[in-house]
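What follows is a single structure, written as structure tokens, with notes after it.
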Amino acid sequence: MSKQNLDYLEERIDELLATQPVKAAPNFIENTLARLQKEKNNAFTDEKLNQLLNEQHVTTSKSFTSAALNSIQNDRARRNKGTRLVYSLRWWSAVAAVIVLSFVVFYPKYFRPTQPGIDRQVNDTGGVPRVQSLTTNSEALDMNELFVLAETLSEASFLLENSNAESMEVFIQ
Amino acid sequence: MSERKYSMPEETDIALMQQIGSGCEASLTILIEKWKNPLINFFYRSLGSVEQSEDLAQLVFIRIYRAAPTYKPKAKFSTFLFHIARRLLINDYRRMKRKPLETVDPTELTARESVSNDLKIMEIEEAFAHALVGLPENQRTAILLLKQQELSYLEIATIMESSENVVKSWIFRARQHLRNEMKVLL
């Protein structure tokens, strides 16, 4: 392309770029103002709507507030008291458990009451055993004797109930 | 840079903005009267539709009205105005990308053609519009602000939130593109 043509082209482009081929419509300003008014109305409606949405129609009285606060405080105190009770109960139950446990562990060894007839028996080495287990022969024997005595007594009571002279005599004999 | 073609000085625009800020709608009317055609033409060269351009221009004035109470004249009023215009234009491009353009009846195009008698001029104008639309947004906006709105490189850089050198390179590339597209008509 020649320089002349190029210059012409440049000029033409500048000219076209600078032109303002379009003119605003005659009612452009009115339309813009109307649109603006519409937007303003919409904004006003939105604002009112938001106000109404945010409004709180039901207000609480002072007495209601103080009553609510008292209720909260009472509830808290009650809860604290309950907590204290639970803690003290736990503490005392732990103490009781320790006492029971120590009783179970140490009672047979140190605190069991002695039976004179058995405990004073002299063992083979000549010493006196302090504690004897329930499974010793002498103890078992005592229990048998007691059982026989109990049976005899129950038989006697039966006979007394059916008091018959003959039978009584037989029993005495 | 040549003399500004708009009659009222910059101070008047700022004063008008302050009056609009205090609720004076008459000042808004004066401001619209002054800037309506430059704005509509700026949009028209980017969109190719008068209706769309008018719609966006109206939106710019509504934005200006809303911004008036907090407006602080840090730069020229035109910088402020075209900054808003460009933002709206970009938003419109995005919207158009999401929503495809409406189909145009071919008979309407024929009717339009018959309106103009000078077919050659129309052909050039059409090719130019086509070439301009084919430019990337930043290049097109930069060259339009420079040539159509007669803003300085510094003002364009402020509007487009870029540096002067970048703006110069955009304009250079835009010019190159337009030259290549228009070459065939000569």
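Where a number appears in this text, it was derived from the coordinates with a stated rule and is not lab data. Only a predicted model underlies this, so the values are computations on that prediction, with no experimental measurement involved. All Cβ positions, even for glycine, are placed from backbone atoms using ideal geometry, and neighbour counts span all protein chains on display.
Based on alpha-carbon atoms, the Kirkwood radius and the radius of gyration of the stretch A:23-109 give Rg/Rh equal to 1.74. Using a cut-off of 26 Å between Cα atoms, the listed pairs A:40/B:34; B:97/B:168; B:34/B:147; B:147/B:183 include B:97/B:168 as exceeding that distance.
By the Cα gyration tensor, the stretch B:4-95 has an equivalent ellipsoid whose semi-axes, rounded to whole angstrom, run 22, 14, 12 from largest to smallest. Take the Cα of residue A:20, step 7 Å toward its Cβ, do the same at residue A:67, and the gap between the two points is 7.3 nm.
Ordered by the count of other Cβ atoms within 10 Å of each Cβ, fewest first, B:98, B:86 give B:98, B:86. A simple spin-label model places pseudo-atoms 7 Å from Cα toward Cβ; at residue A:144 and residue A:99 they are separated by 4.2 nm.
Once the C-beta distance of residue A:8 and residue B:169 is scaled by a Förster radius of 35 Å, the resulting FRET efficiency is 0.90 to the nearest 0.05. On the basis of the beta-carbon distance and an R0 of 51 Å, residue A:156 and residue A:81 show a calculated FRET efficiency of 0.20.
Just add up the charged neighbours of residue A:28: K/R +1, D/E -1, any other residue whose Cβ is under 10 Å from the Cβ of residue A:28. That sum, taken over residues with Cβ under 10 Å, equals -1.
Neighbour counting of Cβ atoms within 10 Å sorts the residues A:95, B:184, fewest neighbours leading, into B:184, A:95. Can you check what the net charge comes to around residue B:132, using other residues whose Cβ is under 14 Å from the Cβ of residue B:132 (Lys, Arg +1; Asp, Glu -1)? Neighbourhood net charge equals +1.
Projected label points at residue B:75 and residue B:129, each 7 Å from Cα along the beta carbon direction, are separated by 3.0 nanometres.
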